[in-house]
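Please treat every number below as a calculation from the coordinates, not as lab data. The structure presented is a predicted model; accordingly, all values stated were derived computationally and were not measured. Methodologically, a virtual Cβ is constructed for each residue, glycine included, from the backbone with ideal geometry; neighbour enumeration extends over all protein chains shown.
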Amino acid sequence: MIKEQTADHQQISNLIWQIADLLRGPYQPAEYERVMLPMTVLRRFDSTLAATKQDVLAKYEPSKNRLQDDALESMRNQAVGEKFHNRSELNWEKLTADPYNIAQNFISYINGFSKNVRDIFERFEFAAEIEKMNQEKILYLVISKFGDIDLSPNSVDNRVMGLLFEDLIRRSFEAANKNAGEHFTPPEIIRLMVEILLAPDEEMLTKPQIYKLFDPTCGTGGMLAAAQNYLREKNKLAKLVVFGQEVNPRAYAIAACDLLIKDNHQSCIQFGDSLTDDKYPNQTFDYFLASPPLKMNWQKQQNEIKEEHEQLGFDGRFGAGLPTVYDGSLLFLQHQISKFVPYQPENHQNNSGHGSRLAILLNQTPLFSGGVGGGVSKIRKWIIENDWLEAIIALPEQMFYHTDIATYIWIVTNRKPKERQDKIQLIDARQRWQNMRENFGNKSRYFSEENIADVVREYAEFVETETSKIFDRRDFGYNRVRIERPLRLMYQMDLDRKSRFLDAVPHLLDDVQAIDRELGREPRSDWNQVNHLIQELLKQRSSRWKKAERKLFRDVFTERDPQAKPVILKEREATGEPNARVWGWFPVPGQNIQQMYEADSKLRTFEKINLKQEVSDYFLAELAPYLTDAWVDRASIRIAYEINFNRYFYDRTPPRPLAEIDAEIKQMGEKMMRLLQEVTG
């Protein structure tokens with residue numbers, strides 16, 4: 001697996017993780033992170049603030065009654081030169097000097113931190129863990145052991161501390177095994193996403209300026225950290241400021257701690273649901289990463305999201321459409337696209353208008369599911385027709401901790417380079433993987449460095465190979481065409497039908513008797529003629545039936561019959577319209593008239609016709625010769641898009657020759673006969 005490690009941080013990580021042995025018994029391995037991560041953060045904060053502790057205490061007393069909360073917090077932070085402080089008289093040394101009051105003192109010490117840190121530990125629900133460890137008689141031991149580890153900035157700088165904390169997060173979720181995954185995307189997949197997202201901009205990223213990256217489902221902050229690490233490797237002058245939002249309290253707490261530990265002053269993690277409580281309204285970002293839940297049910301948020309969709313349309317975030325409530329991943333994609341920097345090439349010299357790039361991890365549903373006109377189909381169409389979809393990468397199965405469903409990385413941008421405009425690249429990485437020495441839940445495979453390099457190279461080269469295909473974006477589009485055939489009705493009056501009709505409309509008895517006398521009870525195969533005779537008869541009788549009564553009469557006294565004549569819907573004079581026959585206008589022999597028939601819904605079918613092919617050409621070549629009475633319902637044609645990876649990367653194995661199979665069967669028969677003879681003697 002991909003691990004960015006140094007001897008320093010790995011050694012310290014090993015020392016810290018040894019402390020987890022004290023938790024065995026009261027805690028299951030999956031629960032170690034509830035203690036190990038918050039304790040590491042507290043130890044780091046204590047070490048960081050040690051040198052300025054007395055300055056904060058000295059300024060606290062004279063100012064506490066003079067300044068309001070926010071001003072007081074700001075003053076204390078300035079005193080220590082950090083985004084946090086601690087006003088408690090206690091420190092780690094004093095905590096371990098009083099074992100009999102360890103729980104009470106430890107809670108008091110945590111409550112002495114600035115509000116931002118207290119909020120984080122409330123999300124950790126760490127007070128409950130303190131109480132549990134105290135009851136199990138291990139709290140003092142754990143605090144003492146952490147006190148033996150030097151995490152001061154002089155010994156462990158911010159870069160190493162960041163790597164250390166990321167390693168502890170990885171260990172925590174791997175210890176959780178099958179329970180891991182919802183808030184922890186495997187690091188090698190994150191690395192691949194980051195490289196493909198940022199690699200095309202390596203030249204731009206050499207400039208000493210600030211770039212912003214946003215993850216609306218940031219979990220524990222793994223993607224944000226990986227992006228910063230990658231950019232640091234490539235260019236120490238460029239600065240990537242990261243922003244995230246997370247709805248899970250514990251995952252949010254971990255991500256927020258990670259930023260504080262690394263001293264990311266301009267970066268920010270917010271707590272809340274990105275879909276219903278956007279913490280970054282009207283903000284734009286240069287880059288986006290996301291790994292939303294692969295099958296997120298958004299029924300609880302449905303009312304608020306639907307209201308925004310209906311009231312704001314494209315002025316809001318969800319104008320393109322709403323997916324099924326059983327998978328909300330495309331809501332997050334729309335949410336991110338709404339925060340794209342507009343692409344304005346003329347403003348590049350002013351470091352503005354450079355557009356945005358996005359990498360998001362999705363399941364297979366957004367590729368091809370959803371009926372034409374449905375939410376998923378509309379969103380897919382919106383993205384492709386705006387030429388934002390740059391590439392899709394199919395990942396191997398069994399790569400994730402909590403699922404083995406098929407997953408794909410989508411690369412979306414509003415600033416495609418010229419050679420990629422109107423093109424979509426598909427990369428099949430499903431066979432590029434290595435077996436893990438030990439499974440973690442569903443995860444039994446991983447990407448090696450070589451696997452990642454191969455995919456990134458294939459993406460960058462933008463050429464056709466066995467595992468890389470390049471398509472015109474219209475190749476994935478099609479017209480969904482409704483093919484109609486005429487309704488053919490056979491009319492016949494009989495006592496049973498007559499009785500059923502009059503039971504419903506007894507006041508029409510006299511008219512029905514007249515129709516019975518006039519038309520008789522023989523079957524008639526031309527409803528057009530029958531209907532004309534009936535209307536003339538009713539006119540003579542001065543009877544005016546309601547529309548519902550006329551419909552009921554036809555429903556009762558007719559039945560479908562493929563030998564009957566088509567029911568005529570309307571007529572017109574013949575026109576010179578090309579392909580009028582395709583659109584349902586049939587010429588009447590010997591007359592300058594064209595007729596359109598009433599469609600039979602039971603004979604209705606649908607065709608998918610590629611956008612690059614004319615509907616009329618397809619119909620005349622593929623359908624008209626075999627369905628001489630069919631036509632296309634032009635008004636119902638809908639454009640949609642779908643991307644089926646298997647269609648483009650399926651390696652068909654041809655069937656074996658029949659002669660080979662026959663020979664094998666004959667050989668098996670002869671062998672069976674020999675065995676039978678040996679048994680029977």
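Look at the dipole of the range 182-477 built from charges on Cβ: of Phe340, Pro186, Ile254, the Cα furthest out on the positive end belongs to Ile254. Ranked by how many other Cβ atoms sit within 10 Å of their own Cβ, fewest first, the residues Lys498, Lys234 fall in the order Lys234, Lys498.
Remark on Phe113: its backbone amide H falls under 5 Å from those of Arg87, a criterion applied only to residues 5 or more positions apart or on other chains, H modelled at 1.01 Å from N.
Summing Cβ point charges (Lys, Arg +1; Asp, Glu -1) relative to the Cα centre of the range 489-560 gives a dipole of roughly 300 debye. At an R0 of 22 angstrom, the distance between the Cβ atoms of Ser152 and Glu93 translates into a FRET efficiency of 0.95. Less than 5 angstrom separates the built amide H of Asp561 from those of Arg488, Leu489, Met490, all sequence-distant by 5 or more or on a different chain. As a rough footprinting exposure proxy, the listed residues Trp92, Trp527 were ranked by other beta carbons within 10 Å of their own, and the order from fewest upward is Trp92, Trp527. Give the shape of the range 489-560 as rounded, prolate or oblate, defined through the alpha-carbon gyration tensor: a ≥ b ≥ c are the square roots of its eigenvalues, a/c under 1.5 means rounded, and otherwise the shape is prolate if a/b is larger than b/c and oblate if not. Rounded shape, in that the Cα axes give a/c under 1.5. The helix-based estimate of mean residue ellipticity at 222 nm for the chain, built from -39,500 (n - 2.57) per DSSP H run of four or more residues and divided by its residue count, is -12500 deg cm²/dmol to the nearest 500.
Structure shown: which of Lys212/Lys279; Lys339/Lys418; Lys300/Lys381; Lys295/Lys416; Lys145/Lys262; Lys416/Lys469 lie over 21 Å apart, alpha-carbon to alpha-carbon?
Numbers: Lys212/Lys279 15 Å; Lys339/Lys418 23 Å; Lys300/Lys381 26 Å; Lys295/Lys416 29 Å; Lys145/Lys262 23 Å; Lys416/Lys469 17 Å.
Check vs 21 Å cut-off fails for Lys339/Lys418; Lys300/Lys381; Lys295/Lys416; Lys145/Lys262.
One quarter of the surface of the convex hull around the alpha-carbon atoms of the chain equals 53.3 nm², the direction-averaged projected area. Charged side chains reduced to their Cβ positions (Lys and Arg at +1, Asp and Glu at -1) give the range 182-477 a dipole of some 200 debye around its Cα centre. Ranked by the mean number of other Cβ atoms within 10 Å of their residues, highest first, the peptides 550-560, 137-147, 238-248, 625-635 fall in the order 238-248, 137-147, 550-560, 625-635. For the chain, the share of DSSP beta bridges that are antiparallel, to the nearest 5, is 70%. In the calculated pair-distance distribution of the range 182-477, the portion above 27 angstrom amounts to 39 percent of the Cα-Cα pairs. The HN-Hα couplings worked out from phi for the range 605-619 by the Karplus form 6.51 cos²θ - 1.76 cosθ + 1.60 (θ = phi - 60°) are 9, 10, 10, 9, 10, 3, 4, 7, 10, 5, 4, 5, 5, 4, 4 Hz, whole numbers, x standing for Gly and Pro.
With +1 on each Lys and Arg Cβ and -1 on each Asp and Glu Cβ, how big is the dipole of the chain about its Cα centre, in debye rounded to the nearest 20?
Here the size comes out at about 1160 debye.
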